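A short reminder: the numbers here are calculations on the coordinates, not readings from a lab. None of these values were measured; they are calculated from a predicted model. Please note: Cβ atoms are built from the backbone with ideal geometry, for glycine as well, and neighbour counts cover all protein chains shown.
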Amino acid sequence: MSFVKLSASALAIAAISATTAVARDNVQVAGSSTVLPYASIVAELFGENTDFPTPVVESGGSSAGLKRFCQGVGENTIDVANASRAIREKEIKACAENGVTDIMEVRIGYDGIVFASQQSGPAFNAFEPSDIFNALGAKVLKDGAIVDNPYNTWAEFNADLPDVEIAGFIPGTKHGTREVFEEKVLLIGCEATGAMETMIAGGMSEDDAEDACLNVRTDGKSVDIDGDYTETLARIDTNPNGIGVFGLAFYENNTDKLKVATMSGIAPSTETISTGEYPVSRPLFFYIKKAHIGVIPGLKEYAQFFTHDEIAGPSGPLANYGLVADPELANTQDAIANEVTMGSGS
């Protein structure tokens, strides 16, 4: 299937075939399930429109992909790690310990984290971060005290929400989506309810209080999903009252099965994310081993192809699948052309 008819300028960036004899002739990619649909589209187009083989793209989550990426340099390791969060310092250290010292960071655009429920289920149209924290937090503030979460239904703490059993299906800890969910929903909700302030007033350090805010309940009302979004969708399919956390693109490809919730009165869309109105969004990345450029045929060309205006720009096929174009895409293109690595500026 071809998603777009590319111009000569788009094709020119990958027009030259590599002739170096190597044991592996295709680019290998793994990581974020959020980036997966975009990378899959690009891989197919790259294979169709250039002389290079179609890259192999796998999922597994941001953390799992970066762990594979950091295992070392060589044909038996992946070339690119997709991530729905920035690489962490401990991962950079792990990479360095295994000889992966020159890493190129490529930001491809932005995505929103959405909350969606079964199409035929109740509507959740009044979410604030405080509601998600009250529903799923391990310890919450009630009657002036920090207590183990006592809530069974959404309406118990917000009369504007459905009076149905709480059932939240959230990304597991290996997913980049989990980090954004924690920082932009749970933590903000914890602060908004006064729970963090109460914890600190009770003798907790600020760091300990923040960690406590990110803990989720373990009584079955909050369920970690370690697989990709299809597993979350399967849970929603069997639970009419369930709420799941998804990337915007996945939701937009499943609007026949899901209906989206608002957050702070704003519905997620490419428009509300690009303007900053929708509060739960994040940048998306992939990381390249510079040491593999010139060794694995098509690696640099794949990165240039991925970030070309006709692919990742506002009128490209990735935008049609939910990616919010990066206004600084030209800077990313220059950095790839010059093979700029993290922390080096060159």
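Could you calculate the FRET efficiency of ASP163 with ASP208 from 1/(1 + (r/R0)^6), where r is the beta carbon distance between them and R0 is 35 Å, rounded to 0.05? The pair ASP163/ASP208 has a calculated efficiency of 0.55.
Mean sequence separation of contacting Cα pairs (under 8 Å, at least six apart), scaled by the length of segment 307-346, corresponds to a relative contact order of 29 percent. Gain on full extension, evaluated as 0.36 nm per residue between GLU277 and GLU231 minus their Cα-Cα distance, stands at 13.7 nm. For the peptides 64-70, 80-86, 182-188, the ranking by packing is 80-86, 64-70, 182-188, with the highest mean count of neighbouring Cβ atoms within 10 Å listed first. Computed FRET efficiency, Cβ-Cβ of THR101 and GLU44, R0 41 Å: what is it to the nearest 0.05? Rounded to the nearest 0.05, the efficiency is 0.80.
Take every DSSP beta bridge whose two residues both sit in the chain; close to 70 percent of them are antiparallel.
Between ALA94 and ALA337, the simple spin-label model (points 7 angstrom out along Cα→Cβ) gives 3.5 nm. In a fully extended conformation the segment linking THR218 and ALA192 would gain 7.1 nm over its present Cα-Cα distance, using 0.36 nm per residue. Of all complete DSSP H helices in the chain, not one has a Cα span along the helix axis of 20 Å or greater and a mean Kyte-Doolittle hydropathy of 0.0 or more. Under the criterion of Cα pairs below 8 Å and six or more residues apart, the relative contact order for the chain equals 27 percent. Rounded to the nearest 20, the size of the Cβ-charge dipole of the chain about its Cα centre is 660 debye, with Lys and Arg at +1 and Asp and Glu at -1. Applying 1/(1 + (r/R0)^6) with r as the Cβ-Cβ distance of GLU328 and LYS257 and R0 = 25 angstrom yields a FRET efficiency of 0.15.
Full extension from SER264 to SER344: what is 0.36 nm times the residue separation minus their Cα-Cα distance, to one decimal in nm? Full extension from SER264 to SER344 adds 24.8 nm. Between ASP51 and ASN152, the simple spin-label model (points 7 angstrom out along Cα→Cβ) gives 7.0 nm.
Between SER120 and ILE200, the simple label model (points 7 Å from Cα in the Cβ direction) yields a spacing of 4.8 nm. Between the labelled values [x] 21.9; [y] 21.2; [z] 24.9, the entry that holds Kirkwood radius over Cα pairs in Å as derived from this structure is [y].
Only helices enter the 222 nm calculation for the chain: every DSSP H run of n ≥ 4 contributes -39,500 (n - 2.57), and dividing by all residues gives -9000 deg cm²/dmol, rounded to 500.
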